[in-house]
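**Q** Handing you a structure now.
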Amino acid sequence: MSNLLSVDEALALILARVETLPAERVMLAAAATRVSAETVVSAVDVPPFRSSSMDGYAVRSVDLPGTLAIVDHSAAGRPSDATLGANQAIEISTGAVVPEGADTVVPVERVEVTGDTVTIPEPVPTRDNIREPGGDVRIGSALVSPGDVLTPARLGALAACGIESVMAHRVPRVTIVATGTELRPPGEPLARGQIYESNGLMLAAVLEAAGGAVTRLAAAEDTEDAHAASLEQALEADVVVTSGGVSVGPHDLVRLVQARLGVEEVFWGVAMRPGKPLAFGCRGRTLVFGLPGNPVSALVGALLFVRPALLALTGHTDPAPPFRPGLLAAPISQRPERDDFVRARVTWGEDGALVEPIVGQESHMIAHTTAATGLAWIPRGSGSLPAGSRVRFLPL
Ligand code: AMP
Ligand code: MG
């Protein structure tokens, strides 16, 4: 593992192997967070008719100020058929059709009602509180384009135009395999030398949030047969994520068994800490990630590499981790050979984000990591970064 790739090189090699998954028709109700594969054009104007934006009175502005006869009501979904004549008003509610003849709506707060008449003491300009047809969406205009994430607002806009389904990229099937003879599921008693299996659950949480349909297999013991059985099954998925067993120990069997099962290794080893012995390969279109077993290493590897791959598979056009600028709150020494991904507490001050490394930076310290709200990227180097240095961090 002498020729370690940089983090950017490793990500580029991964993304070069991603083929965006095919599109399928999805009902809007199931499309949240997916990515559109098509341009959707509105077949209607929104609003579809001239409507009121206030509760009040639809009137003719030429009649104002004045006292007008209330001749009808127009409620949302129950339009008035009347045509407004001189010195007449129609009571109107928000979202109701503005009747023929009316050119403005006076809010109820600015009128005085006496019996069947309404007095409007001030002149009012035309078109006040009237929403024009097509004022939000014009017929024929594009609502979403390929690569657009189906955000809540986009789903709302599509539904507002009467659209019920959209072509969206398929959800990637992700299978997670934890490896390690020492691993026991939470809830069972531990024998001497055993620990609880925590990576599977944690990685599933990251990858479900990134749009994956995740299956977790039972932890595989450190034998070639156990690895082969699990990996064979896992390789049916679009993405395989293993944890553990990718380092240089005698029980690190993941790469060996993957090679035997036809996985072409693209790289092994990234110049980063934690998470150096990360492996990536492919079998056909299946992407295969070997994350180290230490929980913080596995988490960092998932955030920096697996999550972007999932986003790219699902059609996101900008899948790279969204690092942001911040200022170091305390000095930090650089590592000569590896970029350091330091767990940090991020607070917001007058100068933007302030990034303060937490206590407990060892790669098994997953519980300490819960105090971190950001992952600070400290580039390798021979010196030390003083407090106030500009760094980039990934919000956690
Ligand atoms: P490995 O990469 O297999 O050498 O594992 C490195 C360290 O991470 C060891 O201390 C393992 O016991 C621990 N470890 C491996 N897999 C898991 C897991 N799924 N959950 C929690 N700890 C693990
Ligand atoms: Mg192991």
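The values are calculated or read from the model by the stated rules, or taken from the named source; none is laboratory data. This is a predicted model, so every value here is computed, not measured. Every residue, glycine among them, receives a Cβ derived from its backbone with ideal geometry; neighbour counts consider all protein chains shown. Protein only, heavy atoms only, side chains kept; ligands, DNA and RNA dropped before computing areas. Shrake-Rupley method; radii C 1.70, N 1.55, O 1.52, S 1.80 Å.
**Q** Mind listing the long-range amide H neighbours of residue 104? Cut-off is under 5 Å, sequence gap 5 or more, other chains count too, H placed in the peptide plane at 1.01 Å from N.
**A** Under 5 Å from the amide H of residue 104: 59, 61, 127.
**Q** Now a separate question. Separation of region 288-322 and region 1-47 by C-alpha centroid, Å?
**A** Going from one Cα centre to the other spans 14 Å.
**Q** Enumerate by residue number the trypsin sites (Lys or Arg not before Pro) in region 45-131 meeting two conditions: DSSP loop (anything except H, G, I, E, B), and at most 14 other Cβ atoms within 10 Å of the site's Cβ.
**A** 127
**Q** Given a 1.4 Å probe and every protein chain left where it sits, what share in percent of the accessible area of the chain is carbon and sulfur?
**A** Carbon with sulfur: 52 percent of the solvent-accessible area.
**Q** Right, another one. Between residue 119 and residue 225, what is the label-to-label distance in nm when each label sits 7 Å out along the Cα-to-Cβ direction?
**A** 9.7 nm
**Q** Across the Cα atoms of region 244-321, what radius of gyration and what greatest pairwise Cα-Cα distance (Dmax) are found, in Å?
**A** 12.7, 41
**Q** Using +1 on the beta carbon of Lys and Arg, -1 on that of Asp and Glu, and nothing else charged, what's the dipole of the chain about the Cα centre, debye to 20?
**A** So the dipole magnitude of the chain works out to roughly 1280 debye.
**Q** Give me the orientation-averaged projected area of the Cα convex hull of the chain, in nm², one decimal.
**A** With every direction weighted equally, the projected area is 27.3 nm².
**Q** May I ask you to compute the full-extension gain from residue 265 to residue 112, defined as 0.36 nm times their residue separation minus their alpha-carbon distance, rounded to one decimal in nm?
**A** Going from the current span to full extension adds 47.2 nm.
**Q** Using the Cα gyration tensor of region 51-131, with a ≥ b ≥ c the square roots of its eigenvalues, what is the shape: rounded (a/c below 1.5), prolate (a/b larger than b/c) or oblate (neither)?
**A** Here region 51-131 falls in the rounded category.
**Q** Then there is this: Quick one: Kirkwood hydrodynamic radius for region 182-224, alpha-carbon pairs, angstrom, one decimal?
**A** Over region 182-224, the inverse of the mean reciprocal pair distance is 11.8 Å.
**Q** Tell me the angle of helix 7-16 to the major Cα principal axis of the chain, expressed in degrees between 0 and 90 and rounded to the nearest ten.
**A** The answer is roughly 70 degrees.
**Q** Related question: Give the Debye-formula value of log10 I(q)/I(0) at each listed q (0.20, 0.26 Å⁻¹), with one equal scatterer per alpha carbon of region 209-251, two decimals each.
**A** Debye output, listed in q order: -0.70, -1.03.
**Q** Give the separation of the Cα centroids, region 148-189 to region 193-266, in Å.
**A** Their Cα centres are 20 Å away from one another.
**Q** How far apart, in nm, are the 7 Å Cα→Cβ label points at residue 256 and residue 3?
**A** Reported label-point gap for residue 256 and residue 3 is 2.4 nm.
**Q** While we're on this one: Can you tell me the accessible area per residue over the chain, all protein chains present, probe 1.4 angstrom, in square angstrom?
**A** On a per-residue basis, 48 Å².
**Q** Roughly what angle does helix 224-234 make with the longest principal axis of the chain, taking Cα atoms, 0 to 90 degrees, to the nearest 10?
**A** 20 degrees
**Q** Another question, then. Could you compute the FRET efficiency for residue 333 and residue 142, with r as their C-beta to C-beta distance and R0 at 41 Å, rounded to 0.05?
**A** Computed FRET efficiency for residue 333 and residue 142: 0.20.
**Q** Obtain the nm distance between the two label points defined at residue 83 and residue 153 by a simple spin-label model: each point lies 7 Å from its Cα along the Cα-to-C-beta direction.
**A** That separation, rounded to one decimal, is 4.1 nm.
**Q** Among 262-271, 145-154, 382-391, how do they line up from the highest to the lowest mean number of other beta-carbon atoms within 10 Å?
**A** Ranked from most to least packed, the peptides come out as 262-271, 145-154, 382-391.
**Q** Another question, then. What's the center-to-center distance, using Cα atoms, between region 58-119 and region 330-361 in Å?
**A** One Cα centre to the other: 63 Å.
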